[in-house]
Number of protein chains: 2
Amino acid sequence: MINYPVHIKRPQQPVANEKKSTKVSAADRGMMLEHDLNRSNEWYLQQDRAIIYKKPTPVTIVKVDYPARSAAKITEAYFKVPSTTDYNGIYKGKYIDFEAKECRSRTSFPIKSIHPHQIRHLDDVTRHGAIAFVVVRFVAYDLTYYVTSSVMTDYIHTCGRSSIPYAWFQEHGHRISGTYLCPVDYLKIIDELYFKENK
Amino acid sequence: MINYPVHIKRPQQPVANEKKSTKVSAADRGMMLEHDLNRSNEWYLQQDRAIIYKKPTPVTIVKVDYPARSAAKITEAYFKVPSTTDYNGIYKGKYIDFEAKECRSRTSFPIKSIHPHQIRHLDDVTRHGAIAFVVVRFVAYDLTYYVTSSVMTDYIHTCGRSSIPYAWFQEHGHRISGTYLCPVDYLKIIDELYFKENK
């Protein structure tokens, strides 16, 4: 919001305003990719193609109120650092595991937006035979890339940089297309990479 | 809600008692099985045998406060009905999915303690090739059973009862043993059921 110069006198702010209370909204937090992935996963589920869910946001619940005759209300809880990726499930008998990130920069993806725990987790499940990957959306271009987890974490482990250039994704990633009902059709990429002989 | 006509005079309740505020404690909520499973999964992770995690409790976050200089505090949230089971991951390249329940009764396991969503989910992942099962602990006997998901859901779909007798678990389940570091060693059962030739 712009404070126009005509707006000279600011109202006296009560102390209570120091704590900003906010309704959590998907659009505000730049969670369009999450929304698109949830819709794609619902589509896969309806078509009985794959069973893949987003894990709930991990929170530490400290206090719960039980108001008479209504559902339990959590009144104090904190966000936890996730120890795993956000999405996992099963496709064609294989264990699927991935993390999804939106990127606002036009030039590079900041590595710190993936927690070290999550990188370790991706390496772990890959070693155990999972189909593991990272979905990165460059918001400015509205382009979404599939990157095989090992390709990305190998780069992260060795590059010595704090970000991955956009050109790297163009070279090593796979552009994910979609439809209205399945906006991020990542199974198409998995089919090409892992099940080509079956098609 | 029905207002019975006899219910003329309501007792004066002190205001403070209307909302009961409670610290959430694992022991109070009978979550010893969860605790034991988390320890077993940590053990498997340390040994690099399997990568299996409990999913976070699903909550709908309504309000978040951002007190100055400290972590975001969730001040209003509600428990959601889970659409999947609590645990999943990968073992020997296979997708693992299970639900865990403590049972206080000595005679039978109430079917309603597993949500219909979760039963459907277990059937779904089984059809897609998962190793899916239910872990039931009879607290009174301190005995923990592994039951193959399809065996249990077949019974649930056809029995026409509201509970499963304890004797059924003795017949169709597999007793899970454990050690101090791995209190619920369910991978031992999976090895016997699915990987016997590899041992």
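The values are calculated or read from the model by the stated rules, or taken from the named source; none is laboratory data. All of these numbers come straight from a predicted model, not from anything done at the bench. Neighbour counts run over all protein chains shown; Cβ positions are idealised from the backbone, glycine included.
In this structure, does B:Val151 turn out to be closer than 26 Å to A:Ile90 by Cβ, touching a residue at least 12 places away in the same chain (Cβ under 8 Å) and touching a Cys at 6+ places or on another chain (Cβ under 8 Å)? Break it down stepwise before answering.
Details: closer than 26 Å to A:Ile90 by Cβ: yes; touching a residue at least 12 places away in the same chain (Cβ under 8 Å): yes; touching a Cys at 6+ places or on another chain (Cβ under 8 Å): no.
No, not satisfied.
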What is the residue count in region B:173-199 for residues that are within 23 Å of B:Arg127 (Cα to Cα), under 19 Å from the mean Cα position of the chain (by Cα) and in a loop (DSSP other than H, G, I, E, B)?
1
Counting only residues that are crowded, with 20+ Cβ neighbours inside 10 Å and assigned to a helix (DSSP H, G or I), how many does region A:136-152 have?
2
Pick from A:Ala130, A:Ala100: which is aliphatic (A, V, I, L, M) and touching a Leu at 6+ places or on another chain (Cβ under 8 Å)?
A:Ala100
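Listed here are the residues, each with its yes/no results for (1) part of a loop (DSSP other than H, G, I, E, B); (2) more than 14 Å from chain B (Cβ to nearest Cβ).
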{"position": "A:Glu102", "(1), (2)": "no, yes"}
{"position": "A:Val125", "(1), (2)": "no, no"}
{"position": "A:Val134", "(1), (2)": "no, yes"}
{"position": "A:Asp154", "(1), (2)": "no, yes"}
{"position": "A:Arg161", "(1), (2)": "yes, yes"}
{"position": "A:Glu171", "(1), (2)": "no, yes"}
Taking interchain pairs and intrachain pairs at least six residues apart, which have beta carbon atoms under 7 angstrom, with the first residue in region B:95-119 and crowded, with 16+ Cβ neighbours inside 10 Å and the second among the acidic types (Asp, Glu)?
B:Glu99/B:Asp86; B:Ala100/B:Glu34; B:Ala100/B:Asp86; B:Ile114/B:Glu99; B:Gln118/B:Glu99
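Is it the case, given these coordinates, that A:Ser108 is under 30 Å from B:Tyr44 (Cα atoms), among the hydroxyl-bearing types (Ser, Thr, Tyr) and more than 12 Å from every other protein chain (Cβ to nearest Cβ)? Before the answer, list the steps.
Working: under 30 Å from B:Tyr44 (Cα atoms): no; among the hydroxyl-bearing types (Ser, Thr, Tyr): yes; more than 12 Å from every other protein chain (Cβ to nearest Cβ): yes.
The answer is no for A:Ser108.
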The lone condition A:Ala77 fails out of (1) at the interface with chain B (Cβ under 7 Å from one of its Cβ atoms); (2) under 30 Å from A:Tyr194 (Cα atoms) is (2)
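Here's the yes/no breakdown for (1) among the hydrophobic types (A, V, I, L, M, F, W, C); (2) in contact with a helix residue (DSSP H, G or I) (Cβ under 8 Å, 6 or more places away or on another chain); (3) at pLDDT 95 or above; (4) surrounded by 16 or more Cβ atoms within 10 Å (Cβ to Cβ):
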| residue | (1), (2), (3), (4) |
| --- | --- |
| A:Glu42 | no, no, yes, no |
| A:Ile52 | yes, yes, yes, yes |
| A:Pro56 | no, no, no, yes |
| A:Arg69 | no, no, no, no |
| A:Ile90 | yes, yes, yes, yes |
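Any residue at all in region B:90-100 that is within 30 Å of B:Lys63 (Cβ to Cβ) and outside any strand (DSSP E or B)?
Quick first cut of region B:90-100, residues within 30 Å of B:Lys63 (Cβ to Cβ) only: none.
Checking region B:90-100: not a single residue is within 30 Å of B:Lys63 (Cβ to Cβ) and outside any strand (DSSP E or B).
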List every residue pair whose Cβ atoms sit under 9 Å apart, with the two residues 6 or more apart in sequence or on different chains, where the first one lies in region B:48-62 and is more than 13 Å from B:Tyr95 (Cα to Cα) and the second, anywhere, is in a loop (DSSP other than H, G, I, E, B) and of a type in the set (A, V, I, L, M).
B:Pro58/B:Val81; B:Ile61/A:Val24; B:Val62/A:Val24
